[in-house]
Amino acid sequence: MLDILEDGPELRLSINEMKNYLQNRAIKKISTNPENIKLDFESNKVFITIYNEGSLEYYPVRKSFVMKLFRWFHFPSSQFRYLNRETLVSVLNDYLINIKSIPVTVHLENLSAITITSKNFIEISDNSLMGILEKYKVSSVEKNDYFTRFYIETGKNIMPIEGDNFSYGINIINSETGFHSLAIFSYISGYSCSNGALVTNNRDTNRITHYGPRRVTFSEELITAIETEKENLNLISTSLSDLSKTKIRDIKDEKYRLSKVTGMKVSNEIFRNLSERSTLYECFKEIMSFSKETGGQRRLFLEEYAGNFLDSYK
């Protein structure tokens, strides 16, 4: 059923190219009560009608809008395929009229409804993040309807195993659409291929939510978190070395755990070159290698999963 819904472009640009892209977007936000919003199905597409200041406004709906509304009510995305189009629209409209946090804001990008947020959502714009990150070397920026990812170079390297050389950087992940908190990760990538892993620390300093009161500004929180991540290089190197000495305890269990993130088909593909004699480091590298062939969302999940192998950062 979700095949009828379109996603926006998936981009990876330099920071200047991304600035130009963001500046040229047509952005509109409509705040209203949920009863003023209705979804319809027409010409094999989902459309939204919004009663706004005495007039009706009509826009096509992107997949991210539907995903956000279902996520609001904890509906599992795996169930979408069982809904016909009439049921899909009916359930969406039922959800809208049951939203308690009012008003809501419908976010439009290039005249398409991209997401819906509550009155408590605090938007952190990608443009504002670019201003904060000017003091760092941002090598590229990746963007889709669900998140924006900034790649910061540090000029530091890791060689946990002789012959395996990794570069070390920082990733900032943000979501203007409310799918991801503002998150700061250490990022390691192999020099032989453009794939990597995201590593979180164990001090709970790497996520900044889009909700609630703040003791300090987002800018202060972000810079503090980046500087904290810069101190993690030696710990990551040690953890990688430890993985090379640890055998996979139960390959069926590890494959099943990964399948919960990727689906069984992808998990089987990643594990086809691994056995009970393989180390966690070899499993880690297989996941990293596979991630480079995937799109932005799945690659993010795989790289976060690979990063979780580093026990010191769980």
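Coordinate-derived values only; no laboratory data. All figures in this text were calculated on a predicted structure; none of them were measured in a lab. Using ideal geometry, Cβ is built from the backbone for each residue, glycine included, and neighbour counts are taken over all protein chains shown.
Comparing 65, 147, 73 in a Gaussian network model of the chain, where Cα atoms under 10 Å apart are tied by springs, the biggest mean-square fluctuation is seen for 73. Across all Cα atoms of segment 126-313, the radius of gyration (one decimal) and Dmax (whole number) stand at 16.6, 50 Å.
Taken along the Cα-to-beta-carbon direction at a fixed 7 Å, the label points for residue 252 and residue 111 span 5.7 nm. Dividing the Cα radius of gyration of the chain by its Kirkwood radius returns 1.00 for Rg/Rh.
With label points built 7 Å along Cα→Cβ from the Cα atoms of residue 40 and residue 98, find their separation and express it in nm. Output for this residue pair reads 2.4 nm.
Counted by neighbouring Cβ atoms within 10 Å, the residues 74, 107, 210 run from fewest to most as 74, 210, 107. Rounded to the nearest 20, the Cβ-based charge dipole of segment 1-136 about its Cα centre (Lys and Arg +1, Asp and Glu -1) stands at 300 debye. Charged neighbours of residue 188, selected by a Cβ distance under 14 Å, balance to -1 (K, R count +1; D, E count -1). Spacing of the modelled spin labels on residue 27 and residue 49, each 7 Å from Cα toward Cβ, amounts to 3.0 nm. Among 183, 26, 113, determine the one that fluctuates most according to a GNM of the chain built with springs between C-alpha atoms less than 10 Å apart. Its mean-square fluctuation being the largest, the pick is 26. Shown for 115, 209: other C-beta atoms within 10 Å of each C-beta, ranked fewest to most, produce the order 209, 115.
Computed 3J(HN,Hα) for segment 48-60, one whole-Hz value per residue from the Karplus formula 6.51 cos²θ - 1.76 cosθ + 1.60 where θ = phi - 60°, is 10, 10, 10, 7, 10, 6, x, 10, 9, 10, 10, 9, x, glycine and proline marked x. Would you mind getting me the FRET efficiency between residue 233 and residue 74? Use the beta-carbon distance for r and R0 = 41 Å, nearest 0.05. Calculated value: 0.60. Between residue 85 and residue 217, residue separation times 0.36 nm minus the direct Cα-Cα distance comes to 43.2 nm.
For the chain, with a Gaussian network of springs between Cα atoms less than 10 Å apart, report the residue from 228, 262, 87 with the top mean-square fluctuation. Fluctuation is largest for 87. Over every Cα atom in segment 34-175, the radius of gyration and the widest Cα-Cα span, Dmax, amount to 20.1, 69 Å. If R0 is 45 Å, the Cβ-Cβ spacing of residue 135 and residue 260 corresponds to a FRET efficiency of close to 0.70.
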